[in-house]
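Here, each number is a calculation from the coordinates, and none is a lab measurement. Please read these numbers as outputs of a predicted model, since none were measured by experiment. FYI the Cβ positions are ideal-geometry reconstructions off the backbone, even for glycines, and counts take in every protein chain you see.
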Ligand SMILES: C[S@@+](CC[C@H](N)C(=O)[O-])C[C@H]1O[C@@H](n2cnc3c(N)ncnc32)[C@H](O)[C@@H]1O
């Protein structure tokens, strides 16, 4: 079992986003997470179900209670068939987009989510991390329009870490 050391806001989401999500998801609810990490088991600790889509086998199965679904990367996004199979039938209360890695120079891009919107639930909030980056900012705008969202929660940590939770209309 991996050591339970959480560093909010480094490779993980910030504590501010963590708190905002906890306030939105009903007790015993489900988070569908793209990109697993050290925060994943905390959802479970808080009594939530966490279905975690993860491309890197080394990050799968690390923490008991997290429902890992390993989906490798094909091109710049999760393997499409694998992604669809992994999310099929998951009744979630909030989608957290924090993968695949999207930092500068990474061969992956979270914009692949735009081709999967018809597999997702338009009535549930979508949290997107790292919207200080142009690709994630664009993703957030496209998802905002798909959700018909007129309200959102913007969370900043310092000058660099920015996330947003888009609320369905
Ligand atoms: C931004 S991280 C996801 C972090 C996760 N949502 C969290 O808040 O703990 C994106 C990807 O980087 C990898 N990863 C996760 N935690 C990491 C860490 N602490 N250091 C390096 N890579 C990490 C995993 O492959 C994950 O899919």
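Some points to look at:
- Once both labels are positioned 7 Å from their Cα atoms along Cα-to-Cβ, the gap between residue 123 and residue 27 label points is 2.2 nm.
- Report note on the peptides 126-137, 104-115: ranked by the mean count of other C-beta atoms within 10 Å, highest first, their order is 126-137, 104-115.
- Computed from label points 7 Å out along Cα-Cβ, the spacing between residue 46 and residue 111 is 3.1 nm.
- The chain, helix-only ellipticity at 222 nm - DSSP H runs n ≥ 4, -39,500 (n - 2.57), divided by all residues, nearest 500: -6500 deg cm²/dmol
- Rel. contact order, % - alpha carbon contacts under 8 angstrom, at least six apart, the range 30-167: 19 percent
- Added length on full extension, which subtracts the Cα-Cα distance from 0.36 nm per residue, residue 135 to residue 58: 25.1 nm
- Considering only beta bridges that DSSP places wholly inside the chain, some 45 percent are antiparallel.
- Translational diffusion coefficient (Stokes-Einstein; Kirkwood radius from C-alpha pairs) of the range 1-75 at 25 °C, 0.890 mPa s, in µm²/s: 194 µm²/s
- Treating r as the C-beta distance of residue 104 and residue 169 and R0 as 35 Å, the FRET efficiency rounds to 0.60.
- Normalised by 2.2 N^0.38 Å, where N is the number of residues, the C-alpha radius of gyration of the chain stands at 0.94.
- Whole-number Å³ per residue for the convex hull built on Cα positions in the range 109-154: 71 Å³
- With bins 10 Å wide beginning at 0, the percent of Cα pairs of the range 77-169 falling in each bin runs 16, 50, 30, 4.
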